[in-house]
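The values are calculated or read from the model by the stated rules, or taken from the named source; none is laboratory data. Fair warning: this is a prediction, and the values are worked out from it, not measured in the lab. When we count neighbours, we look across all protein chains shown, and the Cβ atoms used for this are built from the backbone with ideal geometry, even at glycine.
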Amino acid sequence: MAYSGTAGQTVVTVQNLIDNGARRAGKLAEELTVEQVQSAKQSLFFVLSNLINQGIQYFAIKKQVYGLQPNQYEYLLPVGGNDVLNALYRWMTQPIGSYSSSAGGTAQNVADDNVATYCQQTNPNGNIVVNYGTNNSQYIGSIGLMPYVAGGGTATWNYQYQSSTDGTNWITLYTATNQTVTDGQWIWQDIDPGANVSYYRILATGGTTLAIREWYLGVNSTEITMSRLNRDDYTNLPNKNFTANQPFQYWLNRTIPQSTITLWPTPQNAFYQMTVWYSAQIQDVGALSGQLAIPDRWLLAVQSMLAHQMSLELPGIQLQRIQYLEAQAEKYFIMAEQEERDKSPIYFAPNIGVYTR
């Protein structure tokens, strides 16, 4: 007997799920009209959207690093973000190096800790290099970019972060394609895995002309957990505009179209960050020929829930079959949800104070 020799290579498309859902509901896939296929596709979206209400889906946890802006206390959770799981206040150290530009401008301006100055290159597809010197390799864990856009608007850039041991041969650490940049707004990217080298550079591609206020290559990251406020606690703060270097509390306003993270105190330093781990909605249902952004362990549960939803809308489905499909959907959902866990040891720290009369 020959085995396949592969795992996780079976492709299950959106069309496969809809066809199987129809057969489970007692219909042939060929019987479905265009309208019914579109309705099934929408039902599949409803099923995936509702999973966020059942618990944390570990495959849909994401991280966002925010560059804090002086006197700005509100920051948007990314589109599709559902809830903040961890928020950490972070600061880093920028090692001293020698900066050079391949296409004009004052290269030293990108690391002068002054967001009012900038390096404006004169030609597209240039680069800015930092050299930390012989025997002074640096392991850069995160890179922040604050662009300059004339007129204070936005632009679309293409660029790469690269590292080198000799300043000649370069390895790409991160590629940004069609990245929307806003004048004076940080874009942070954690580098994982990083490199312990003496040279780093930002390389413009695709006709991009670099204009950079600050290019921060950070080492020795320190993160401190921020405390979450409820709405009453935040609204009852006597001075919501109080400023400090360290915003150690936040309130998550779960509004639409994007939730808002409101910090307190208001940050006043342009070189600190906030790391946010958050639960996100599962990606939208795409083309019928596409796949869902879910792990294989969830396929049977999603298939069963879709079949039940389709049975509610397709004509002529007997009540007994609808009830059976509902039971199957619940059974396989419970199996998948019980497996969706961290499996790490649990640490309990009861806060029991001494009681005296």
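Using the structure shown, decide if Asp113 is part of a loop (DSSP other than H, G, I, E, B), without any contact (Cβ under 8 Å) to a residue 40 or more places away in the chain and among the charged types (D, E, K, R).
no
Taking the criterion of being small (Gly, Ala, Ser), farther than 30 Å from Thr266 by Cα and under 18 Å from the mean Cα position of the chain (by Cα), would at least one residue in the range 54-68 satisfy it?
no
Which of the residues spanning the range 292-319 are within 28 Å of Ala60 (Cα to Cα) and either among the acidic types (Asp, Glu) or touching a His at 6+ places or on another chain (Cβ under 6 Å) (or both)?
Scanning the range 292-319 gives a single hit, Asp296.
Name every residue in the range 177-226 that is free of Cβ contacts under 8 Å to residues at least 40 places away in the same chain and buried (at least 20 other Cβ atoms within 10 Å of the Cβ), in order of residue number.
Val181, the sole residue that qualifies.
Filter the range 77-108 for residues that are assigned to a loop (DSSP other than H, G, I, E, B) and β-branched (Val, Ile, Thr); which is farthest from Val276 (Cα to Cα)?
Once the filter is applied, the top-ranked residue is Thr106.
Between Asn86, Asn82, Asn50, which is under 26 Å from Tyr332 (Cα atoms), out of contact with any Gly (no Cβ under 8 Å at 6 or more places or on another chain), assigned by TED's automatic domain parsing to the domain that holds Ala244 and not β-branched (Val, Ile, Thr)?
On inspection, the qualifying residue turns out to be Asn82.
Inspect the range 326-336 for any residue being assigned to a helix (DSSP H, G or I), of a type in the set (Ser, Thr, Tyr) and within 29 Å of the chain's Cα centre (by Cα) and give the result as yes or no.
yes
Residues being without any contact (Cβ under 8 Å) to a residue 12 or more places away in the chain and either closer than 21 Å to Leu48 by Cβ or of a type in the set (Val, Ile, Thr) (or both): count how many of those fall in the range 307-326.
Count: 1.
Which pairs turn up if I take residues in the range 2-28 that are among the aromatic types (Phe, Trp, Tyr) and look for partners that are surrounded by 15 or more Cβ atoms within 10 Å (Cβ to Cβ) and assigned to a helix (DSSP H, G or I) with beta carbon separation below 8 Å, at least 6 apart in sequence or on another chain?
none
Which of the residues spanning the range 127-154 are under 22 Å from Thr165 (Cβ atoms) and either part of a loop (DSSP other than H, G, I, E, B) or without any contact (Cβ under 8 Å) to a residue 40 or more places away in the chain (or both)?
Tyr132, Gly133, Thr134, Asn135, Asn136, Ser137, Ile140, Gly141
Can you name the residue in the range 227-249 that is in a loop (DSSP other than H, G, I, E, B) and either touching a residue at least 24 places away in the same chain (Cβ under 8 Å) or β-branched (Val, Ile, Thr) (or both) and, of all such residues, is farthest from Ile96 (Cα to Cα)?
Among residues in the range 227-249 that are in a loop (DSSP other than H, G, I, E, B) and either touching a residue at least 24 places away in the same chain (Cβ under 8 Å) or β-branched (Val, Ile, Thr) (or both), the one farthest from Ile96 (Cα to Cα) is Leu237.
Just a yes or no: is a residue in the range 282-297 within 23 Å of the chain's Cα centre (by Cα), of a type in the set (Ser, Thr, Tyr) and part of a loop (DSSP other than H, G, I, E, B)?
No, the conditions are met nowhere in the range 282-297.
Given the criterion over 13 Å from Leu203 (Cα atoms), out of contact with any His (no Cβ under 7 Å at 6 or more places or on another chain) and aromatic (Phe, Trp, Tyr), identify the matching residue among Tyr159, Tyr174, Tyr148.
One residue alone meets the criteria, Tyr148.
Looking for something aliphatic (A, V, I, L, M) and not assigned by TED's automatic domain parsing to the domain that holds Thr243 - is there at least one such residue anywhere in the range 62-70?
no
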